[in-house]
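Notes follow the structure.
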Amino acid sequence: MNIHRRTLATLTAGAVLAIAVPVSTAFSADVTLNIGYQPIVEPSRVPQADGTYEKATGAKINWQKFDGGADVIAAIASGSLDIGYVGSSPLAAAASRELPIETVAIVGLISEAEALAVRGIDKPDGLAGKKIATPFVSTAHYSLLTALKHWNIDPKSVEILNLRPPEIAAAWSRGDIDGAYVWDPVLAEIKKDGTVLATSADVGNWGGPTFDAWIVSKKFADSHPDVVAAFAKITGDATASYRANPEAWNATSPEAEKIARLTGAKQEEVPALLKGYTFLTLEEQASAGLLGGGTLKAVEATAAFLKEQGKIPEVLANYSAYVSPRWVKEAAKLSF
């Protein structure tokens, strides 16, 4: 799975996000859909703000904000969420524990949107004895451990603290921590007076690729496949809209305002933060390099690393039940 930032084919201007979506799924009108999102700066915040998901699925949607993938996984496991936003590390951990979930779509391949930012440290060797925060079992945590392994630094020599992004922001402002591996928009704030030692683009080059994805409980997917496919379609349309004309999503655009409102990011910083990911169309996601095969290999590699670190008890022989192009292929067939 090649997740390094690369030049992607420019989409035609016709591939824009349809804001006015006719309700063609009236048979889903009595469905309640519980979605757990994270305040990540990415295109699907726009249809979330516009109510487009509700129009497309015909479902009543309860949106719940979470600060990390581990919390999203726990909520899906408890039955309080149907669809959730997670990183590749929580996804691999959940699948390894055989939680009944499926991957709906890949949101984006993580590049500069996650990084290790520090102060008072100018090289990796200076991390020993320092307090470095990250949300445990997140993509950032995985990337931090991968970076330490790459630098031949024993993780036990670093005081790694389990803090959620808002807690990281507060701890950084108080001077309680020396650094953090975290994602935007908190990363953007701590970089203002911190130094970046490594980004997730670097870690990907070192063999630790990461990505964000939407997942669904198998129970909900089996009962409401039309809703899941429509959800994937709208998510894909949001990406297509951004990819067709990223310059239009400038600091004064309605898109930037909506993303800022739902994530807490500063509106003027949204365009730069969007560039921290490689966002993927439905067609790209279905390819052999991604959900058609490459993503499966990335999840297997992530699970193997998590087991090596003692974060999961076992690695499954096969993860294909959890990662497949099923939903993006179904979504590509839809037209609203």
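Just want the answer: with Cβ charges of +1 for Lys and Arg and -1 for Asp and Glu, which residue in Y85, P47, Q285 is farthest toward the dipole's positive end in the chain?
Comparing the listed Cα positions along the dipole, Q285 ranks first.
What size of dipole, in debye to the nearest 20, comes out for the range 106-219 about its Cα centre when the only charges are +1 on Lys and Arg C-beta atoms and -1 on Asp and Glu C-beta atoms? Walk me through the numbers on the way to the answer.
Numbers: 12 positive and 14 negative charges, 68 e Å.
With only Lys, Arg, Asp and Glu charged at Cβ, the dipole is about 320 debye.
Would you please classify the overall shape of the range 265-325 from the alpha carbon gyration tensor, given that a ≥ b ≥ c denote the square roots of the eigenvalues, rounded means a/c under 1.5, and beyond that prolate means a/b larger than b/c while oblate covers the rest? List each step's numbers first, then the result.
On the way: a/c = 3.74, a/b = 1.53, b/c = 2.45.
In terms of gyration-tensor shape, oblate.
Could you pull out which residues in the range 140-179 have an amide N less than 19 Å from a spot 7 Å beyond the Cα of D193, following the Cα-Cβ vector?
166-179
Between K131 and A321, what is the label-point separation in nm under the 7 Å Cα-to-beta-carbon projection?
Inter-label distance under the simple model: 4.3 nm.
Which of the peptides 34-45, 124-135 is most tightly packed, and how do the rest follow, judged by the mean count of other Cβ atoms within 10 Å per residue? Walk me through the numbers before you get to the answer.
On the way: 34-45: 23.7, 124-135: 19.0.
Going by the mean number of other Cβ atoms within 10 Å, highest first, we get 34-45, 124-135.
Taking only protein heavy atoms into account and a 1.4 Å probe, give the accessible area per residue of the range 95-229 in Å².
37 Å²
Taking the Cα centre of the chain as origin and charging only Cβ (+1 Lys, Arg; -1 Asp, Glu), how large is the dipole, in debye to the nearest 20? It would help to have the intermediate numbers written out before the result.
On the way: 31 positive and 37 negative charges, 36 e Å.
That gives a dipole near 180 debye.
Could you work out the relative contact order of the chain, using alpha carbon pairs under 8 angstrom and six or more residues apart, expressed as a whole percent?
28 percent
Which one of V216, A272, L262 has its Cα pushed farthest toward the positive end of the charge dipole of the range 186-282, where Lys and Arg give +1 and Asp and Glu give -1 at the Cβ?
V216
Taking amide H positions as placed 1.01 Å from N in the peptide plane, with prolines and chain starts having none, which residues 5 or more places from I312, or on another chain, fall under 5 Å of its amide H?
K307
Where a ≥ b ≥ c are the square roots of the eigenvalues of the C-alpha gyration tensor, would you call the range 140-238 rounded, which needs a/c under 1.5, or, failing that, prolate if a/b is larger than b/c, or oblate?
Values: a/c = 2.40, a/b = 1.88, b/c = 1.27.
The shape class here is prolate.
Mind running the shape call on the range 183-336? Use the C-alpha gyration tensor, a ≥ b ≥ c as the square roots of the eigenvalues: rounded below 1.5 for a/c, prolate if a/b tops b/c, oblate otherwise. If you can, show how the numbers build up before the last one.
On the way: a/c = 2.02, a/b = 1.13, b/c = 1.78.
Verdict is oblate for the range 183-336.
To the nearest 10 degrees, how steeply does helix 294-308 sit against the main Cα axis of the chain, on a 0 to 90 scale?
Approximately 40 degrees, to the nearest ten.
What FRET efficiency comes out for the pair E314/A251, r = Cβ-Cβ distance, R0 = 30 Å, nearest 0.05? Display every interim value, and only then the final one.
On the way: r = 47 Å, r/R0 = 1.58.
In this case the efficiency is close to 0.05.
Structure shown: which of K192/K275; K191/K266; K123/K311 lie over 19 Å apart, alpha-carbon to alpha-carbon? Mind showing how you got there, number by number?
Details: K192/K275 17 Å; K191/K266 14 Å; K123/K311 27 Å.
Pairs exceeding 19 Å: K123/K311.
The values are calculated or read from the model by the stated rules, or taken from the named source; none is laboratory data. Here the structure is a predicted model, which is why all the values come from computation and not from measurement. As a convention, Cβ positions derive from the backbone with ideal geometry for all residues, glycine included, and neighbour counts pool all protein chains shown. What goes into the accessible areas is simple: the full protein's heavy atoms, side chains included, and nothing from ligands, DNA or RNA. Shrake-Rupley method; radii C 1.70, N 1.55, O 1.52, S 1.80 Å.
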